[in-house]
Amino acid sequence: MILLTGLLLWSCTDNDNPAKEIPVKGKALLILNEGSMQANNATLARYDLQEEMITKEYFLDVNKRGLGDVANDMIRYGSKIYIAVNMSGTVEVLEATTGKSLRQIRMETDGGQSKEPRRLAANGGKIYVTSFDDTVTRIDTVSLAVDGSVEVGMDPEGIAIKNSKIYVANSGGSTGPTGMTTPYR
C-alpha cells in the first residue's frame with residue numbers, strides 16, 4: 001500500500017507541461033515557414049543571435065495556437081510584425097518584441113470567401129496586401145482594420161511602393177486592368 005501511494009503521488013505532479021521560457025531580449029531573426037498546403041502547419045521560429053538558440057515553434061509557444069495554413073509573407077513595420085497567411089485567409093499582426101498576437105485580421109470577400117492574401121508592403125501608416133481575389137487591400141496600422149480595397153490585375157503577386165506609388169506584379173496573365181487603377185474606396 002505504501003508503494004502504491006508513493007507511485008500515485010509521484011505521477012501527480014503540479015504541471016506535466018511546464019511553460020517554455022522564451023527569451024525575447026536582444027537581437028533575433030524571425031523565420032517564417034509557409035508549411036504544406038491544406039496541412040495548417042505554417043510556423044514562425046525565432047533565432048536568438050546572442051544565445052545562438054532557436055525556438056522552432058515560437059508563434060505556437062507564445063500564442064498557444066497555430067499560425068495557420070500557408071504563411072506567404074512577413075514584414076515588420078513600426079513595432080508590429082504582419083504575416084499574410086494565404087489559405088487561412090488572414091493577416092496575423094504580432095507585437096514585434098514579444099511575438100504576441102495583437103489581432104488576426106480576416107481577409108474575406110463580401111461573400112465570405114477567403115481573399116487568399118499573398119504579399120505585403122507598408123507605407124504611410126498603412127499595410128498593403130495583395131490577394132488572389134484580384135485586389136490590393138489596405139490595413140490601417142493604428143486601428144488594425146481594413147480601410148480600403150482596389151481591384152488590380154489577375155492574381156496579384158508582388159507589391160512594391162516607391163514615392164507613395166504602389167506597383168503590383170500580377171501572375172494571372174495579361175487580363176485585367178493595366179496602368180492606373182481606381183483609387184481606394
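Quick note: the coordinates plus some simple rules give every number you see, no bench work behind them. Since the model is a prediction, treat every value here as computed from it, not as a measurement. No Cβ is skipped: glycine too gets one built from the backbone with ideal geometry, and neighbour counts run over all protein chains shown.
State whether segment 22-170 is rounded, prolate or oblate according to the following rule on the C-alpha gyration tensor (a ≥ b ≥ c being the square roots of its eigenvalues): a/c under 1.5 gives rounded; otherwise a/b larger than b/c gives prolate, and the remaining case gives oblate.
Working: a/c = 1.97, a/b = 1.51, b/c = 1.30.
Prolate shape, in that a/c is at least 1.5 and a/b is the bigger ratio.
Segment 63-119: which trypsin sites (Lys or Arg not before Pro) are DSSP loop and have at most 16 other beta-carbon atoms within 10 angstrom? Don't jump to the answer; show the numbers that get you there.
Numbers: sites: Lys64, Arg65, Arg76, Lys80, Lys100, Arg103, Arg106, Lys115, Arg118, Arg119; in loops: Lys64, Arg65, Lys100, Lys115.
Sparse-neighbourhood loop trypsin sites (Lys or Arg not before Pro): Lys64, Arg65, Lys100.
Starting at the first residue of segment 29-39, write each ³J(HN,Hα) from the Karplus equation 6.51 cos²θ - 1.76 cosθ + 1.60 with θ = phi - 60°, in whole Hz, x for Gly and Pro.
My calculation for segment 29-39 gives 10, 9, 10, 9, 10, 5, x, 9, 4, 6, 9 Hz in order.
Under the rule of at least 5 residues apart or a separate chain, name every residue whose amide H is placed under 5 Å from the amide H of Ile159.
Amide H to amide H, under 5 Å and 5 or more residues apart or across chains, Ile159 pairs with Ala169.
Would you grab the residues whose amide H sits under 5 Å from the one on Ala96? Only those 5+ places off in sequence or on another chain, please, with H modelled 1.01 Å from N.
Answer set, sorted by chain and number: Lys80, Ile81.
State the Cα centre-to-centre distance between segment 114-146 and segment 66-102 in whole Å.
After rounding, the separation between the Cα centres reads 12 Å.
Would you pull out the residues with amide H under 5 Å of Asp73's amide H, same chain only if 5 or more places away, H placed 1.01 Å from N?
Ala84
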